[in-house]
1. For region 11-43, name all the residues that are touching an Asp or Glu at 6+ places or on another chain (Cβ under 6 Å) and closer than 18 Å to S77 by Cα.
2. Please go through region 59-77 and give me each residue that is without any contact (Cβ under 8 Å) to a residue 40 or more places away in the chain and either within 15 Å of the chain's Cα centre (by Cα) or surrounded by 12 or more Cβ atoms within 10 Å (Cβ to Cβ) (or both), ordered by number.
3. Mind listing just one residue for me: the one in region 1-38 that is part of a loop (DSSP other than H, G, I, E, B) and of a type in the set (S, T, N, Q) and, of those, surrounded by the most Cβ atoms within 10 Å (Cβ to Cβ)?
4. Determine whether D80 is surrounded by fewer than 17 Cβ atoms within 10 Å (Cβ to Cβ), of a type in the set (D, E, K, R) and touching a residue at least 40 places away in the same chain (Cβ under 8 Å).
5. For the structure I just gave you, tell me whether E94 is out of contact with any helix residue (DSSP H, G or I) (no Cβ under 7 Å at 6 or more places or on another chain) and among the acidic types (D, E).
6. Quick one: in region 74-93, of everything that is hydrophobic (A, V, I, L, M, F, W, C) and not in a helix (DSSP H, G or I), which residue is nearest to I59 (Cα to Cα)?
7. Can you find a residue that is over 13 Å from Y5 (Cβ atoms) and in a helix (DSSP H, G or I) anywhere in region 56-64?
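Throughout, read-outs are computed from the coordinates displayed, never taken from laboratory work. Note that the structure is a prediction, hence the values are computed from the model and not measured. Here the Cβ positions follow ideal geometry from the backbone for every residue, glycine too, while neighbour counts run over all protein chains shown.
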Amino acid sequence: MKHFYLSFADETFLGATVVQGHDLVDAVRNAWDLGLNPGGQVLGGEVPEEMLTQPDIAICIGRLATAEELHALGAQSLKDMPEDKQREIEKVAERGCACCNGKIRGHVH
């Protein structure tokens, strides 16, 4: 299985986690099963193995990290990043609306 970084938000940031899954939908479902999915919109993508030890990724493994924890480690919100960095992330990340996130909870392949 792969590792996926999942960031959750509605009007505000709700938290971020790193969980395993075969694909993004599976990772979102696993986050629900583990109690790590607070709902809202989800932005996620696969985490390369070599990045799992980076402090702002490692703190998210198997738990829901707060904005304060992530910012203390130097992580930036997507909206606070330069536009070129935002575009780079948007190319590789997948986004799901709050409605779809909720539906994934009961998603069946």
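1. Going through region 11-43, the residues touching an Asp or Glu at 6+ places or on another chain (Cβ under 6 Å) turn out to be 24, 40.
Across region 11-43, the qualifying residue is only G40.
2. Within region 59-77, I59, E69, H71, A72, L73, A75, Q76 meet the criteria.
3. Only one residue tops the list, namely N37.
4. Criteria not met by D80.
5. It is false that E94 is out of contact with any helix residue (DSSP H, G or I) (no Cβ under 7 Å at 6 or more places or on another chain) and among the acidic types (D, E).
6. Applying the first criterion (hydrophobic (A, V, I, L, M, F, W, C)) to region 74-93 yields 75, 78, 81, 89, 92-93.
From what's left, not in a helix (DSSP H, G or I): 75, 81, 93.
Values: A75: 11, M81: 20, A93: 20 Å.
Within region 74-93, the match that is nearest to I59 (Cα to Cα) is A75.
7. no
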